[in-house]
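Participant: Pasting a structure here, questions to come.
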Amino acid sequence: MDRKLANEEALKRLQDSEVYLVGAGKAIDVVPGMKKNLILHAGPPVTWEKMCGPMQGAVIGALIYEGMAKDEESARKLAASGEIEFEPNHHHQSVCPMAGVMSASMPVFIMENKKYGNFSYTNMNEGLGKCLRFGAFGDSVIERLHWMEDEMYPVLKEAIELSGGIDWKALVIQALQMGDDCHNRNRAATAMFAKIIGQYLSKVNADKEKISKVFEFINGNEHFTINITMAMCKAITDAAHNIPGSTIVTAMARNGVEFGIRVSGLGDEWFTAPANTPKGLFFPGFTQEDANPDIGDSTITETTGIGGFAMAGAPAIVAFVGGTYKDAVNFTLEMYEITGAENKNFKIPTLDFRGTPTGIDVVKVLETGLVPRINTGMAHKEPGVGQVGAGLVTAPMECFKKAARYMVEKGLNK
């Protein structure tokens, strides 16, 4: 297919998708290809030996949580034994933030793209600080994961089923109007979800104290909805993937060592380069020296035209990730130069309701010399510590150069 027509189709799918939160289930039961000895992770493929500190920490925690190891030493031994398989979330229609680890027993949200008929999955958000996704695996982390599986998941699953499905794209559209970027600022989205799900939680057949604790957990965790929004973005970008001739990026992800992209017309090939390290604001006691290189699947938000691409509409984000509001506006304006559309759904009030820059085009990245800008959380580079701050980072240009070279070699640059 002609590149112009192929990109038009990809951009159409990025904007016309209709994604709903339709259910919840255990990963082993609903995530395609999930197995008991399989651990999914963020970013492009990586082996245990080459994993960064926070991802190894999250794997250790997952093996302890699953009852496959009793402590850090036995978990490390098992992870290195060859008995455990490791694959990217993206290979299983899934995305998860930071280390991105998903194991068989974990409860996951189920998203459906009703326009194009595909599904996506994500785990449930633990909150900030010492969390599995930031590489922490202490007793409190494991206890919280078990509470989420044993008590929160059954209650939420029933409430979502009672709702008949929640139009997540509509929720994100509204959250963007209320100052969220839906990557590192999710206050409005989480408040709206709490309001929507609250009416169904009241009808769940469970102990009132358990229901109350679930609602308090959601309401007290402003980032609860980031995972769900990421899964919405995954369902959208998957619908735009595998369009022959298209140079639109349909995945950006990082494993804490490498940054990788996938391109619509280039199949499931990953194009990788060393991940950059975010710069930003740190929690007390931590400095830039503590930060691990960029990590997580959450760049699926920027791939869809929100997150860092919508920073101009989220003035409060700079207080979390650093920089100034002028920087945030400039970041968004710059991203119009490398994208194919102004999103007809996602609007930025502070730019006179201009649509967010959507559909990163490999060709435009190379022509302009500009690369995608991302806002992100930061994990400590050593396993077991957890989150140390949040900041800003850019995608490495080499990923896009590799994709272009691949197109030329395969004769796809028509």
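The values are calculated or read from the model by the stated rules, or taken from the named source; none is laboratory data. All figures in this text were calculated on a predicted structure; none of them were measured in a lab. Here the Cβ is made from the backbone with ideal geometry for all residues, glycine too, and neighbour counts use every protein chain on show. In case anyone asks, the SASA skips ligands and DNA or RNA and just uses the protein heavy atoms, side chains included. Shrake-Rupley method; radii C 1.70, N 1.55, O 1.52, S 1.80 Å.
Participant: Under 5 Å between amide hydrogens, which residues at least 5 positions from H183 or on another chain qualify, with H placed 1.01 Å from N in the peptide plane?
Facilitator: HN-HN under 5 Å from H183: G307.
Participant: If you average the C-alpha positions of region 20-90 and of region 202-268 separately, how far apart do those two centres end up, in angstrom?
Facilitator: When both Cα centres are located, 18 Å separates them.
Participant: While we're looking at this one, here's another question. Kindly report, to the nearest 10 Å², the accessible surface of R3 as traced by a 1.4 Å probe over protein heavy atoms only.
Facilitator: 80 Å²
Participant: What are the ³J(HN,Hα) couplings of region 110-125, residue after residue, when phi is run through the Karplus curve with 6.51, -1.76, 1.60 and θ = phi - 60°? Round to Hz, x for glycine and proline.
Facilitator: 10, 10, 10, 8, 5, 6, 10, x, 9, 10, 8, 9, 7, 7, 9, 6
Participant: Looking only at A395, A404, A379, which one moves most when the chain is put into a Gaussian network model with springs between Cα atoms under 10 Å?
Facilitator: A404
Participant: Hey, what do the phi angles of region 81-98 turn into as Karplus ³J(HN,Hα) couplings, whole Hz, using 6.51/-1.76/1.60 and θ = phi - 60°, x for Gly and Pro?
Facilitator: Along region 81-98, the couplings run 7, x, 6, 9, 9, 10, 9, x, 3, 4, 6, 10, 6, 10, 9, 9, x, 6 Hz.
Participant: So which residue, out of G307, G386, G135, gets the largest mean-square fluctuation from a GNM of the chain using Cα contacts under 10 Å as springs?
Facilitator: G386
Participant: Compare the peptides 35-45, 208-218, 228-238, 150-160 by average per-residue count of other Cβ atoms within 10 angstrom and give them in order, highest first.
Facilitator: Ranking, from highest mean packing down: 228-238, 35-45, 150-160, 208-218.
Participant: If you don't mind, another one. Where the eigenvalues come from the Cα gyration tensor of region 335-409, what are the semi-axes √(5λ) of the equivalent ellipsoid, largest first, in whole Å? Numbers along the way, then the final one.
Facilitator: Details: eigenvalues 143, 103, 16 Å².
Semi-axes from the Cα gyration tensor: 27, 23, 9 Å.
Participant: Heads up, I need the accessible area for Y65: 1.4 angstrom probe, whole protein in place, Å², nearest 10.
Facilitator: Looks like 10 Å² after rounding.
Participant: Once you put a point 7 Å from the Cα of K77 and another 7 Å from the Cα of L162, both along the Cβ direction, what distance in nm separates them?
Facilitator: Distance between label points: 4.7 nm.
Participant: Report the full-extension gain for the segment L333 to H146: residue separation times 0.36 nm, less the Cα-Cα distance, to one decimal in nm. Mind showing how you got there, number by number?
Facilitator: Values: separation 187, 0.36 × 187 = 67.32 nm, distance 4.35 nm.
Here the answer is 63.0 nm.
Participant: Would you mind computing, in nm to one decimal, how far apart the modelled labels at K35 and K203 are, each placed 7 Å from Cα along Cα→Cβ?
Facilitator: 4.1 nm
Participant: Using only alpha carbon pairs under 8 Å that are at least six residues apart, calculate the relative contact order of the chain and give it in whole percent.
Facilitator: For the chain, the relative contact order is 21 percent.
Participant: Computed from the coordinates I sent, Cα extents along the principal axes in Å equals one of (1) 57, 47, 42; (2) 99, 69, 38; (3) 64, 47, 45. Tell me the label.
Facilitator: Among (1) 57, 47, 42; (2) 99, 69, 38; (3) 64, 47, 45, the one calculated here is (1).
Participant: Where a ≥ b ≥ c are the square roots of the eigenvalues of the C-alpha gyration tensor, would you call region 138-180 rounded, which needs a/c under 1.5, or, failing that, prolate if a/b is larger than b/c, or oblate?
Facilitator: Values: a/c = 5.55, a/b = 1.60, b/c = 3.47.
Oblate, because a/c is 1.5 or more while a/b does not exceed b/c.
Participant: If you roll a 1.4 angstrom probe over the protein chains with everything in place, what fraction of the accessible area of region 301-414 belongs to carbon and sulfur, to the nearest %? Numbers along the way, then the final one.
Facilitator: Details: 2180 of 4160 Å².
Answer for region 301-414 is 52 percent, counting heavy atoms of protein chains only.
Participant: Right, another one. Would you mind classifying region 82-136 by shape? Square roots of the alpha carbon gyration tensor eigenvalues, ordered a ≥ b ≥ c; an a/c under 1.5 is rounded, otherwise it is prolate if a/b is larger than b/c and oblate if not.
Facilitator: Details: a/c = 2.47, a/b = 1.42, b/c = 1.74.
Oblate, since a/c reaches 1.5 and b/c is not below a/b.
Participant: Give me the extension gain from E367 to T350: residue separation times 0.36 nm, minus the current Cα-Cα distance, reported in nm with one decimal.
Facilitator: Result for the pair: 3.3 nm of gain on full extension.
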